[in-house]
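Chemist: Please find one structure pasted underneath; my questions will follow.
Where a number appears in this text, it was derived from the coordinates with a stated rule and is not lab data. Since the model is a prediction, treat every value here as computed from it, not as a measurement. Using ideal geometry, Cβ is built from the backbone for each residue, glycine included, and neighbour counts are taken over all protein chains shown.
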Amino acid sequence: MSIAITGATGFVGSATLEVALHRANSVRALTRGEQPRQKQVEWVRGTLDDTAALAKLVEGTDAVVHIAGLTSTPNPERFEAANVAGTANMIAAAKAAGVKRFVFVSSLSAREPGLSAYGGSKARAEELVKASGLDWTIVRPPAVYGPRDVDMFELFRTAKFGVVPVPAEGKTSIIHVEDLARLLIALVPMNPVTTGQTYEPWDDNAFGYEHTELAKLIGEAMGNQHAKALPLPPAVMHFGAKVDGFLRGPKAKLTPDRVGYMLHPDWVCDMKKAPPISVWQAVWSGEDGLTMTADWYKEEGWL
C-alpha cells in the first residue's frame, strides 16, 4: 500500500506520517522545504497550488490523506485559498492520477460554518470532497492535543502558574494526536463500511468536557492540584484577540475568527458519527493523554 500525505510536516500530519511508516509499504509526502531523508518516505517539494507537485505526489499511490490546511490567520480570505482551493486541487490531482481513495481531515467547526471563516472554509471543502466521485471519508476532529502542539500548549504553560484561561461557558470533546493519526491511517484501505461517511472521533469521554473541567485536568496534568480555571466572558475574549493581533500580528493565535467558534457552547462530538469500533478505538483517555503531553513539554524544555 502506498499513501500520499499532505500536511506531513505539521502537528497532525507528522504524527500521521509516523503511523503510516509502520502500516504502508511506501509514503509520499508534500513539503514546502527541505526535509531530512527517511526510509520509506519520498518527500515532494511543493504547495497545494502547485499542480505539477501535486501530480508527482499522488502518481502511483493507492490513497490520499489530505491533512494540509490553514487553521488560523488574521486574514480570513486566506482560508478560502488554503482550505477550499487547496482541497479542490488535491481532488483534481487524485482523479487525474486514477487514485480513488481520499481521506479528508476537516474540523468539527465545519458543523457550524456560519460561526467562523475557518469553519465555513472547511464546510465548503467537505462539499467538494462529497461531490468528487472519489471513494471518500471525512474526519472532523475536535480539539487535538499532544506532543508538539503549540495551540493547547498555552493552557499548559499558564497552568504552571495556577490559572487556565478558558471560555466562560460551553463543552468540548478532545482527542490525542496519536489516536487521530491511527484513525486516519486505519481509514486508508477501501472499506464499504467507511466509504462516504463523516466521522467525529473523540477520546474515552463521549460526553465531552466542560471548559472548567478541562482546565482542572490540565492543571492536574501539570502537577498543580491548585490550578483553577479562569473563565473569560465573550467581551474579554474579543478584546484579547485584538491585543494578541496587535502584539503578534500575523502570528497571533487568538484571532477574532478563532474567538467566534471558541464561544460556541457545544463542540462535543456527535455519538452518531463515531468511527466503527471494528476500524478504530481511542487508546488515550483524557487524563492520561494530558499527563503524557505535559510530561513531553517538560522533557523537551518547553516548560
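Chemist: Counting alpha carbon pairs within less than 8 Å and at least 6 residues apart, what relative contact order, in whole percent, applies to region 204-303?
Modeler: 37
Chemist: Shifting gears a bit: Order of 295, 62 from fewest to most other C-beta atoms within 10 Å?
Modeler: So the residues, fewest neighbours to most, are 295, 62.
Chemist: Can I ask one more? In terms of the Cα gyration tensor, with a ≥ b ≥ c the square roots of its eigenvalues, is region 243-303 rounded because a/c is under 1.5, prolate because a/b exceeds b/c, or oblate? Before the final figure, lay out the partial values.
Modeler: Values: a/c = 3.17, a/b = 1.31, b/c = 2.41.
Oblate shape, in that a/c is at least 1.5 and b/c is the bigger or equal ratio.
Chemist: To continue, here is another question. In whole Å, what is the distance between the alpha-carbon centres of region 81-97 and region 1-69?
Modeler: Cα centroid of region 81-97 versus Cα centroid of region 1-69: 14 Å apart.
Chemist: What does the charge add up to near residue 17, with Lys and Arg as +1, Asp and Glu as -1, over the other residues with Cβ less than 13 Å from its Cβ?
Modeler: Spelling it out: positives minus negatives among the neighbours equals +2.
Chemist: Over all pairs of distinct alpha carbons, what does the Kirkwood formula give as the hydrodynamic radius of region 49-92, in Å?
Modeler: Evaluated over region 49-92, this radius sits at 11.4 Å.
Chemist: Considering Cα pairs under 8 angstrom that are at least six residues apart, work out the relative contact order of region 108-196 and quote it in whole percent.
Modeler: Relative contact order comes out at 29 percent.
Chemist: Of 112, 300, 34, how do they rank once you tally other Cβ atoms within 10 Å and put the fewest first? Mind showing how you got there, number by number?
Modeler: Working: 112 16, 300 10, 34 7.
With the sparsest Cβ surroundings first, the list reads 34, 300, 112.
Chemist: Express in whole angstrom the spacing between the alpha-carbon centres of region 264-302 and region 172-221.
Modeler: What the calculation gives is 5 Å, centre to centre.
Chemist: Can you return the lysines within cross-link range of residue 253? Criterion is Cα-Cα under 17 Å, with same-chain partners fewer than 8 residues away left out.
Modeler: By straight Cα distance, residue 253 reaches 242.
Chemist: Work out the P(r) tail for the chain: percent of alpha carbon pairs separated by more than 33 Å, whole number.
Modeler: Cα-Cα pairs of the chain separated by over 33 Å account for 22 percent.
Chemist: If you don't mind, there's one more thing I want to ask. Figure the gain on full extension for residue 150 and residue 112 (residue separation times 0.36 nm, minus the Cα-Cα span) and round it to one decimal in nm.
Modeler: Working: separation 38, 0.36 × 38 = 13.68 nm, distance 2.42 nm.
The residue 150-residue 112 span can extend by a further 11.3 nm.
Chemist: Additional query: How many Lys pairs in region 50-145 lie less than 15 angstrom apart by Cα atoms, where the lysines are 8 or more positions apart or on different chains?
Modeler: Within region 50-145, the lysine pair count is 4.
Chemist: Further, regarding this structure: Given a 10 angstrom Cα cut-off, can you work out which residue in 124, 258, 32 is the most mobile in a GNM of the chain?
Modeler: It is 32.
Chemist: Sort 132, 121 so that the residue with the fewest other Cβ atoms within 10 Å of its own Cβ comes first and the one with the most comes last.
Modeler: Fewest to most other Cβ atoms nearby, the residues stand as 132, 121.
Chemist: Separate question: How far is helix 86-97 tilted, in degrees, relative to the longest principal axis of the Cα atoms in the chain, given as a value from 0 to 90 rounded to the nearest 10?
Modeler: With rounding to tens, the tilt is 20 degrees.
Chemist: Would you mind checking which residues have amide H under 5 Å from residue 28's amide H? H placed 1.01 Å from N; only 5 or more apart, or other chain.
Modeler: Residues meeting the amide H criterion: 3, 4, 5, 42.
Chemist: Just add up the charged neighbours of residue 83: K/R +1, D/E -1, any other residue whose Cβ is under 13 Å from the Cβ of residue 83.
Modeler: On the way: positive: 78, 122, 124; negative: 49, 77, 80, 126, 127, 257.
Surrounding charge for residue 83 is -3.
Chemist: As an exercise, identify the chymotrypsin sites (Phe, Trp or Tyr not before Pro) in region 81-172 lying in DSSP coil whose Cβ has no more than 14 other Cβ atoms within 10 Å.
Modeler: 161
Chemist: Okay, moving on. Under 5 Å between amide H atoms, partner at least 5 residues away or on a different chain: which partners does residue 199 have, H built in plane at 1.01 Å?
Modeler: For residue 199, the qualifying residues are 138, 139, 140.
Chemist: Between 252, 68, 282, find the one with the highest GNM mean-square fluctuation for the chain; connect C-alpha pairs within less than 10 Å.
Modeler: Top of the fluctuation ranking is 252.
Chemist: Let me ask something else. Mind checking which of 27, 193, 164 has the largest fluctuation in a GNM of the chain, springs on alpha carbons under 10 Å?
Modeler: Among 27, 193, 164, the largest mean-square fluctuation in the Gaussian network model of the chain belongs to 193.
Chemist: So, one more: Explain nothing, just the number: relative contact order of the chain, from Cα pairs under 8 Å at least 6 residues apart, as a whole percent.
Modeler: Details: 630 pairs, mean separation 55.7, N = 303.
With pairs under 8 Å counted, the relative contact order is 18 percent.
Chemist: What FRET efficiency comes out for residue 130 versus residue 35 if R0 is 35 angstrom and r is the Cβ-Cβ distance? Round to the nearest 0.05.
Modeler: 0.60
Chemist: While we're looking at this one, here's another question. Can you give the calculated 222 nm mean residue ellipticity of the chain, where each DSSP H run of n ≥ 4 adds -39,500 (n - 2.57) and the sum is split over every residue, rounded to the nearest 500 deg cm²/dmol?
Modeler: -11000 deg cm²/dmol
Chemist: In addition: Which value in nm describes the separation of the simple spin-label points at residue 161 and residue 242, placed 7 Å from the Cα toward the beta carbon?
Modeler: Going by the 7 Å Cα→Cβ label model, 2.3 nm.
Chemist: Moving on to the next point. Expressed as an acute angle from 0 to 90° and rounded to the nearest 10, what is the orientation of the C-alpha long axis of helix 286-299 relative to the principal long axis of the chain?
Modeler: Between helix and principal axis, roughly 90 degrees.
Chemist: In addition: Roughly how tilted is helix 234-248, in degrees to the nearest 10 and between 0 and 90, from the longest Cα axis of the chain?
Modeler: The angle comes out near 70 degrees.
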